[in-house]
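J.: Please read through the structure below; I'll follow up with questions.
Nothing in this text is a laboratory measurement; each read-out follows from the coordinates by a stated rule. Keep in mind the model is a prediction, meaning the values are calculated, not measured. Here the Cβ is made from the backbone with ideal geometry for all residues, glycine too, and neighbour counts use every protein chain on show.
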Amino acid sequence: MRLKAVLLVLLVAWVPLFAQPKVVALKNGSSTSYIGGFVDLNHVYISLDDMAQGLGLHTFTLQSTGKLSVYSKYGSLLFTPNNNFIMLSVGTETRMFQLPLPVLSADGKLYMPANYAGSYFSRILRENLAYDEKKAEFSLSEMSTASTEISGVQGTGKANGAVIEISMQSLPTAYAATIGQGNMLYVTLMPAVANIQQLNSLPPTSVYSNIIAIQNPNSVQLSFKLKQNYISSQVMMDSTTNTVIVSLYSQVDVKKILSEEIKRKLEKEKNNWKLGVIVIDPGHGGKDPGATGVLGTEEKNITLAIAKDLKRDLNMRLPGVKVVLTRDKDEFVPLDERGEIANKAGGKLFISIHCNSMPSKPNPAHGVETYFLRPGKTNEAIRIAAQENAAIKYENDYEKKYKSYDADNMILTTMAHSAYVKYSEQLAELIEQDVSRVAHLADNGVSQAGFYVLIGASMPAVLVETGYLSNIREERFLRSKTGQQEIARGLTDAIVQYRAEYEKNFAEN
Ligand SMILES: [Zn+2]
């Protein structure tokens, strides 16, 4: 008993004894106040009383337990000494959040880790309280990235894998999904909040047996115990329903699909194993001008001119190969029809030609980017995909027509393409290299993106952004005959090389 009492005294006394004092600034408009605290094992702890005072919030300490409540006009936070849980009440809702580090008590005052304070106070302030670790400074600003709440989770088994749909108030700005050992799936969404207890008590589905949700300051991590082994996952955002869709691919099915796909393809290729038909898709057209340059150049005209040059070059260098254009004049062709034209022509390759543009013009951004089909990964790829997919709005019944590409149909469409992804990536690499080399444009690399025009084509498909119309120098180059011919020659070099590799591959099989 005595030893226990000594230990307890040591623990309570430990914080002020060994911690280094620390003062943190709090900037609220033009006024600055200071918050006392200390550094403990590299973590900065701040006084909750000082923070509340600096923010003009009321506090109440329950003497018997040492619990501290902080009130704003919107809600309250309840802190418990030496405890990781914070209770947040906003309006009629009350929720518990778990901190990775406990709230500490010293000299009868409570302290919390500075890194985590901002997100909790932000919620009762309805303003953004950000902590800059380097400057040791809190600053208050208008709420810009409000956390979005998870409202539901659903798992559905599919023939090719499984889909987990996470419904949210609005889509998070950052996300990740990883498959871990022991059939675990970890999904992180940011910024996000969740009712942890509710999520943790959701019933099992055919896909997972349980969910463990953890609320981090700005993000939510969901750990799913999966009922079977999946080899890969993809995350997609459905902005029409605010759903985060995690597609899981099962090993067996992918292999089966790939081998069936390849077997079928090989059988077909035995009779006709040559890369016999190439489909060139000049982006936009007709009522859809695409991007407009600083000097007024319209993307649709450049893409058509390059496509025509490319067709001529290919006819010359690959006699016997049929070259099909999805449009050969200034006309509007819906995106799904472009894929259909390619499929009907028996295309072995689909190349969609575009010109890039930044939202603000003129803009120094320049160079060539090549994309192949995959759900958008980088922010840049998402921006480009949004820009190019916007052509859909020129189609009359676009909402009905493209709805089927969302949610779980997407998984099936991308699965069907998995056999082509390798080829698409190889072709994209060659195009990126050769176009930037021949046309002396910057090589911005190959990315994966989700373009509707690429989804429709059942063959290796790439989309090339041949330079920026928002950059005057590149716009002049793109509208010049020399520029168009050089880009076409770069594309031809890439296709000729790709064809040699492709045919060698099938000859070996
Ligand atoms: Zn375009």
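J.: Under the rule of at least 5 residues apart or a separate chain, name every residue whose amide H is placed under 5 Å from the amide H of V44.
T.: The list, which skips near neighbours in sequence, is A114, N115.
J.: List the trypsin sites (Lys or Arg not before Pro) in the stretch 26-86 that DSSP assigns to loop (not H, G, I, E or B) and whose Cβ has at most 11 other Cβ atoms within 10 Å. Which are they? Display every interim value, and only then the final one.
T.: On the way: sites: K27, K67, K73; in loops: K73.
Counting only loop positions with at most 11 other Cβ atoms within 10 Å, the trypsin sites (Lys or Arg not before Pro) in the stretch 26-86 are K73.
J.: Here is a follow-up. Per q in 0.11, 0.17 1/Å, what log10 I(q)/I(0) does a Debye calculation on the alpha-carbon atoms of the stretch 2-142 return?
T.: Once normalised to I(0) and log-transformed, intensities are -0.39, -0.92.
J.: Here are some pairs, K73/K109; K158/K300; K135/K361; K322/K361; K27/K361; K308/K348; which of them have Cα atoms lying more than 30 Å apart in this structure?
T.: Those over the limit are K158/K300; K135/K361; K322/K361; K27/K361.
J.: Under 5 Å between amide hydrogens, which residues at least 5 positions from A174 or on another chain qualify, with H placed 1.01 Å from N in the peptide plane?
T.: So A174 has HN proximity to M190.
J.: I'd like the Karplus ³J(HN,Hα) series for the stretch 215-221: coefficients 6.51, -1.76, 1.60, θ = phi - 60°, whole numbers in Hz, and an x wherever there's a Gly or Pro.
T.: Couplings: 8, 9, x, 10, 9, 10, 10 Hz.
J.: While we're looking at this one, here's another question. Non-local amide H neighbours of A442 (under 5 Å, H modeled in plane, Pro and chain starts lacking H): which ones?
T.: G367, V368
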